[in-house]
Amino acid sequence: MKVAWGITGSGDKIAETVGLMERLKEEYEIEIVPYASKEGEVVLKFYRILKRVKEVFPGYKVERSANAPFLASKLQLGKFDLFLIAPATANTVAKIAHGIADTLLTNAALQAIKTRLPVYIYPVDQEVGDVTTILPNGREMRIHVRKEDVKNVETLREMDGITVLKSLDEVEEIIRGRGI
Ligand SMILES: Cc1cc2nc3c(=O)[nH]c(=O)nc-3n(C[C@H](O)[C@H](O)[C@H](O)COP(=O)(O)O)c2cc1C
């Protein structure tokens, strides 16, 4: 199975996501090609895990524009079995929820839906209220999840062609469920 894995610029859950990607690669017959948004790469650097991602996943690519690399076309031509965005920032969720396709990952998601390729999104902001996130130095930070961002997640949930994941654990269930 070949998975295109979109990584956006979310510090929240980024380390956990990369850990999961590595474990899935070890435990399943799966090829993961990470596609980072421009800010995704900034955040990977910030958390000092960019080098590791590039080493473990040599196919790693970073956004230059909405159509470069041409991920949307690869998805539409069936080069991947599924497309996943995890972690997804409030920004990326808001754009997809409103049909805005002006970044690599928002464009890829909205174009993939048109060819009925399964699209899975794990938004970091799921419920209104305070959450604790881990900073690169290991310290905790409290952040407030806004109701407007959660509303965008709900909009996404109702969108045809997109499955919103409640937790990162669901990624493994999807991979198993698709015959791996
Ligand atoms: C270190 C760092 C951590 C960030 N963490 C988050 C986050 O947890 N959630 C979020 O929605 N945005 C976060 N941001 C802000 C996004 O990176 C920013 O909104 C960016 O425009 C998102 O672009 P993208 O959605 O194309 O990746 C963070 C930024 C930095 C520099």
Report task. Grab the beta carbon distance between ALA68 and ARG23, set R0 = 30 Å, and tell me the FRET efficiency rounded to 0.05. Result -> 0.50
**Report entry** Amide H within-cut-off set for ILE100, under 5 Å, with H built and near neighbours excluded
**Finding:** none
Report summary line: Karplus-derived 3J(HN,Hα) from phi for the range 48-55 (6.51 cos²θ - 1.76 cosθ + 1.60, θ = phi - 60°), whole Hz, x at Gly and Pro, runs 6, 10, 4, 4, 5, 4, 5, 5
**Report entry** Approximate spin-label separation LYS51-SER167, in nm, with each point projected 7 Å along Cα-to-Cβ
**Finding:** 3.3
Report task. May I ask you to list the aspartates and glutamates whose Cα is less than 17 Å away from that of LYS25, ignoring any residue fewer than eight positions away on the same chain? Result -> GLU16, GLU55, ASP81, ASP169, GLU170, GLU172, GLU173
Query raised in the report: If each of GLU31 and ARG178 carries a label point 7 Å out from its Cα toward its Cβ, how far apart are those two points in nm?
Result: 1.4
Query raised in the report: So for the chain: antiparallel DSSP bridges make up what percent, rounded to the nearest 5?
Result: 25
Query raised in the report: Once amide H atoms are placed 1.01 Å from N in the peptide plane, what residues at a sequence separation of 5 or more from TYR120, or on another chain, have their amide H within under 5 Å of its amide H?
Result: PHE83, LEU84, ILE85, THR163
Requested in this report: Identify all lysines with a Cα-Cα distance to LYS45 below 21 Å; exclude those on the same chain that are fewer than 8 residues away in sequence.
Outcome: LYS13, LYS54, LYS61
**Report entry** Dimensionless Rg over Rh [the chain; C-alpha; Kirkwood]
**Finding:** 0.93
Query - From phi via Karplus (6.51, -1.76, 1.60), per-residue ³J(HN,Hα) for the range 150-158 in Hz, x at Gly/Pro - result: 5, 4, 5, 5, 5, 4, 5, 4, 8
Query - Percent RCO, i.e. relative contact order, over the chain, from Cα pairs under 8 Å lying at least 6 residues apart - result: 23
Report summary line: Counting only DSSP loop positions in the range 1-107, the GluC sites (Glu not before Pro) whose Cβ has at most 12 other Cβ atoms within 10 Å are GLU29
Query raised in the report: So how do PHE80, PHE46 line up by other beta-carbon neighbours within 10 Å, fewest first?
Result: PHE46, PHE80
Query - Of TYR35, TYR122, TYR60, the one that fluctuates the most in a GNM where the chain has Cα springs shorter than 10 Å - result: TYR60
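Every number here is computed from the coordinates shown, using simple stated rules; none is lab data. Everything numeric here is computed off the predicted structure, so don't read it as measured data. Methodologically, a virtual Cβ is constructed for each residue, glycine included, from the backbone with ideal geometry; neighbour enumeration extends over all protein chains shown.
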